[in-house]
């Protein structure tokens, strides 16, 4: 599709600034906001996205003062001494043809340090520490701190600032009656509770003047219990007041971090919350940007066409593919490396004090360290195994100028990702694979499907380097009766080769065991769309009504302790809640004894039990498919082992793709 026919390619005026297209890269914490001596890396990161065509970017959050920082590290902007480091970012972005805003974020009671403050001394359910209530004097000083930080941001070369007033941070805490129980002029009525954010907007606008952009990140819906957050009509009232006080654009956020509704994980349907965003757009005259689970150009185009927003803001999709906009506007949207919403290397890294990356694009935050230069010594390279590790290695080596062939024993590429794509909420895994296959075609990678090769094949065909990414095979159950026809592997269930019965036992409680439990438990009520089923299940705009499980499902594991501890830090709670909703039973500390006609014989807490079952699904781990290593080495070939062939363990796509990129970048 030619770019001139795309709605997202149309310019738009934001205050005094004209943007070249409708795509904004939203704010995301990187883990480097407090590392002034590493701002060169941040500059490379943002400049890469500017070269990719995004019209406007927003940094990770910087607090206007010491108390408002997210963690113990000093991620705030309050002195001229910090300005020079920030100029590295703005200069790099401007040289790449982009624009960038600095986000002002006061964490309030969400901060993870001993000095947290809030409107009232009310502890957050997701933080162990209770905040100290701000005094009137401190509130007024905080407003001036916002203005001071904004002024410094402009002096550092930023094209404006964004006030973070969504997702439950300090400004949200002032607005919500459940977190603001003050009895002075900053609490009580909505007008009083809104006094702080509106004073911040006015002060910041005065500090930066009419030229730079002032973005206000507003919560389009709080997704809290009734009465705890703002109602829809109150949010619309607030949006109008924010516009009156000088904001040039409303960028939307969805929900509070403590909300018990998923908002950005793969479990959320695409563009699930645009109805709330449309209400805002219809209530103000300044542009409104949509957000949350928008990761495809087609989704962006659809919501723009429906008039639900004026712009689209995304964060993680620009991690997955920094050239998202360029590809989308040049008619190559099907080549975009799709964000799969896993959060494993972005949010989970940040929450565990690591610098962010991306599962599908490990080059994130390493843009200068892994530049992808063309080779001066082209080789003939074989990649044995076409899972995600092999695909990553093949793409990197081919794009660097090598002659690459993938040999895959299956009839399609993708390996375990093909199975993951079958799990409810993970269809984007399949979209990512589709894009990878097109990228392989563009890179002239030869693909031999249904091809089981030997070391002599590789030697005879003259390959100079072999990348072995032959993956894993599921570990089999080794107890008497494990050959019973009721015993099946997880690959048979997820692939559809076998269908589970009514009474199911799952052996194994890692990520695969949980995914399989969801797969066999999930059912969409008749007549409901994916979005309607999601809203019903999680109680969005209605009473919460999880659907019933069509089966009786029991998960077992050998180890003691609660289930799901290995799941993602930011997403594991969602899957654990879904399995509770589906009444999936979980038993720990199990010893497996045998299988016979009566069922699975086990021992739990020293007591023998028999668990009847129609189907016993084995999710008990994997072993490396590494039988070719020795023959290849004995044939004198240069062998590089990656992915599951190198280390099986708990399946780790993040590590596998990273290893593929790394080996491809050095050959």
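No lab work stands behind these numbers, since they all come straight from the coordinates. Note that the structure is a prediction, hence the values are computed from the model and not measured. Using ideal geometry, Cβ is built from the backbone for each residue, glycine included, and neighbour counts are taken over all protein chains shown.
Some notes on this structure:
- Calculated FRET value between residue 498 and residue 409, using beta carbons and R₀ = 22 Å, to 0.05: 0.60
- Our summary gives region 560-667 a relative contact order of 14 percent, counting only alpha carbon pairs under 8 angstrom and 6 or more residues apart.
- Stretch gain in nm, segment residue 231-residue 114, where the contour uses 0.36 nm per residue and the Cα spacing is subtracted: 38.9 nm
- A compact globular protein would have a Cα radius of gyration near 2.2 N^0.38 Å; the ratio found for region 118-195 is 1.21.
- P(r) tail fraction, region 423-526 - alpha-carbon pairs more than 20 Å apart, %: 61 percent
- Across the chain, the mean sequence separation of Cα contacts (distance under 8 Å, 6 or more residues apart), normalised by length, yields a relative contact order of 12 percent.
- Backbone N within region 575-596 under 12 Å of label point (7 Å from residue 351 Cα along the Cβ vector): 575-576
- Computed from label points 7 Å out along Cα-Cβ, the spacing between residue 448 and residue 476 is 2.8 nm.
- Difference of contour (0.36 nm per residue) and Cα-Cα distance, residue 190 to residue 559: 127.7 nm
- R0 of 41 Å, Cβ-Cβ distance residue 464-residue 51: FRET efficiency to nearest 0.05: 0.80
- Here region 10-290 yields Rg over Rh of 0.94, to two decimals, using C-alpha coordinates and the Kirkwood radius.
- Taking every DSSP bridge with both residues inside the chain, close to 20 percent are antiparallel.
- With the biggest extent put first, the Cα atoms of region 510-646 measure 66, 41, 27 Å across the principal axes.
- Estimated inter-spin distance, residue 282 and residue 544, nm [label 7 Å along Cα→Cβ]: 2.9 nm
- Sequence ranges 102-108, 30-36, 485-491, ranked by mean other-Cβ count within 10 angstrom, highest first: 102-108, 30-36, 485-491
- Placing a label point 7 Å from the Cα of residue 441 along the Cα-to-Cβ direction, the residues of region 306-349 with a backbone N closer than 11 Å are 334-335.
- Residue separation of residue 183 and residue 73 scaled by 0.36 nm, minus their Cα-Cα distance, works out to 36.3 nm of gained length.
- Computed E for residue 604/residue 569 - FRET, C-beta separation, R0 45 angstrom, nearest 0.05: 0.95
- MRE, 222 nm, helices only [DSSP H, n ≥ 4, -39500 (n - 2.57), over the chain, to nearest 500]: -9000 deg cm²/dmol
- When only Cα pairs below 8 angstrom with a gap of at least 6 residues are kept, region 1-99 shows a relative contact order of 29 percent.
- Ordering of 207-214, 41-48, 116-123 by packing [mean C-beta count within 10 Å, highest first]: 41-48, 116-123, 207-214
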